[in-house]
1. Could you calculate the FRET efficiency of residue A:83 with residue B:88 from 1/(1 + (r/R0)^6), where r is the beta carbon distance between them and R0 is 45 Å, rounded to 0.05?
2. Could you work out the per residue convex hull volume over the alpha carbons of region A:3-196, in cubic angstrom?
3. Give, as ranges by residue number, the residues of region A:100-127 whose backbone N falls under 18 Å from the point 7 Å along Cα→Cβ of residue A:135.
4. Quick one: accessible surface of residue B:24, probe radius 1.4 Å, all protein chains present, in square angstrom to the nearest 10.
5. Since chains A and B are linked by a rotation, which residue in A has the beta carbon closest to its axis, and how far is it in Å?
6. Assume the label is 7 Å from Cα along Cα to beta carbon: what separations in nm does residue B:31 have to the matching positions in the other copies?
7. So what are the radius of gyration and Dmax for the Cα set of the protein assembly as shown, in Å?
8. If you add up the charges near residue B:43, with Lys and Arg at +1 and Asp and Glu at -1, over every other residue whose beta carbon is less than 15 angstrom from its beta carbon, what do you get?
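The values are calculated or read from the model by the stated rules, or taken from the named source; none is laboratory data. Computed from a predicted structure; not experimentally measured. Using ideal geometry, Cβ is built from the backbone for each residue, glycine included, and neighbour counts are taken over all protein chains shown. Heavy atoms of the whole protein, side chains included, go into the accessibility calculation; ligands, DNA and RNA do not. Shrake-Rupley method; radii C 1.70, N 1.55, O 1.52, S 1.80 Å.
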Protein chains: 2
Amino acid sequence: MAKTLEFFFDYASPYSYLASAQVEALAARTGAELRWRPFLLGAVFKATGNQSPVTNPAKARYLLKDLADWARLLGLPDFRMPDSFPTNSLQAGRLGLVAAEQGLIVPFSHAAYRAAFAEGKNLADPAVLTEVARAAGLEPEKVLARIENQEIKDALKRNTEEAIARGAFGAPTFFVGEDMFFGNDRLPLVEQRLRAA
Amino acid sequence: MAKTLEFFFDYASPYSYLASAQVEALAARTGAELRWRPFLLGAVFKATGNQSPVTNPAKARYLLKDLADWARLLGLPDFRMPDSFPTNSLQAGRLGLVAAEQGLIVPFSHAAYRAAFAEGKNLADPAVLTEVARAAGLEPEKVLARIENQEIKDALKRNTEEAIARGAFGAPTFFVGEDMFFGNDRLPLVEQRLRAA
């Protein structure tokens with residue numbers, strides 16, 4: 001039976017960005033099928049009463065340095081926090097699902113995360129989304145129209161509700177079956193789980 | 001100039017326990033001098049407004065599974081949460097500083113953490129502290145009397161106040177100079193920092 005790694009992420013979440021740079025290699029070396037599942041972190045926080053670390057001043061002071069350290073460890077470009085942070089990622093999440101319909105959610109996600117956290121761009125800006133869509137090999141006019149479709153809106157909502165029902169309280173969240181893992185920093189535990197599967 | 005790794009921990013903190021099992025090897029392979037610095041997590045939470053993950057129901061549900069996963073990854077005994085959790089670690093912290101006076105904080109800390117998180121014992125219980133002190137090569141009657149000394153009480157308080165002043169908001173917290181790292185899961189970043197030093 002094939003092992004599956006479900007990766008729930010939000011395009012506005014910097015720790016999801018860090019995870020996005022690692023999940024493909026992890027899935028490849030453990031022989032797992034990887035499923036990219038955008039969801040809305042804001043709705044997860046609302047449903048669970050959890051909060052972003054930036055709501056605590058001491059944690060907020062640590063956040064940028066921590067992200068910069070991780071980016072260095074992972075060999076990513078210098079970390080940049082968008083001026084718009086926390087960013088509204090509703091349109092980006094929907095666009096991710098449109099990209100998925102065309103089999104392009106992986107390049108789209110990498111392009112979106114690079115724009116946000118390596119270039120500091122605002123993913124709520126239609127001009128940025130246009131550029132990201134184009135970089136991912138999508139036709140911007142077509143896909144940006146498609147994000148207003150009810151099917152797409154519902155699919156993003158369903159991903160979010162499903163993750164909450166399965167126990168998620170933050171992003172990124174991973175599932176191997178019903179075994180849940182929270183956070184970029186839990187990828188060693190995800191790997192241990194996939195190797196045992 | 002010698003590199004120093006300061007390890008601020010609380011004997012009631014399960015993630016500090018996970019870190020305690022890794023810091024010596026990390027210091028050895030990076031050539032850093034390791035300083036074990038007990039402090040009081042409760043006072044850190046109070047000062048910073050941060051809260052234990054167990055205060056959020058969704059996070060609390062995840063906590064035990066997460067700790068069990070880490071213990072397995074690190075080759076530790078099966079993780080056990082003491083029935084007394086969250087444990088009052090005031091006496092254990094003071095006893096750690098008494099052990100330090102005799103050059104025995106390392107064996108004391110391992111014995112205390114093993115009692116708490118591998119055997120599920122309550123570190124607020126004088127009988128458990130007696131047993132832990134003896135296991136660490138200390139004379140229980142002498143050291144248990146010494147924890148009532150004002151010097152020891154003040155030293156634990158000073159460690160706590162210093163960590164807060166330097167930016168700590170949880171446990172474990174590491175410092176390499178004034179570069180701070182929070183959490184057992186940040187040890188790869190601590191290692192990166194020590195190798196660059």
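1. Details: r = 45 Å, r/R0 = 1.00.
Step by step, r from the Cβ atoms, then E = 0.50.
2. Values: hull volume 21.9 nm³, N = 194.
It is 113 Å³ per residue.
3. A:100, A:104-127
4. Spelled out: residue B:24, probe radius 1.4 Å, area about 80 Å².
5. Chain A residue with minimal Cβ-axis distance: A:185, 2.
6. 4.2
7. Cα radius of gyration and Dmax of the protein assembly as shown are 22.9, 78 Å respectively.
8. Numbers: positive: B:37, B:46, B:94, B:153, B:157, B:158, B:166; negative: B:10, B:154, B:161, B:162.
Summing Lys and Arg as +1 and Asp and Glu as -1 gives +3.
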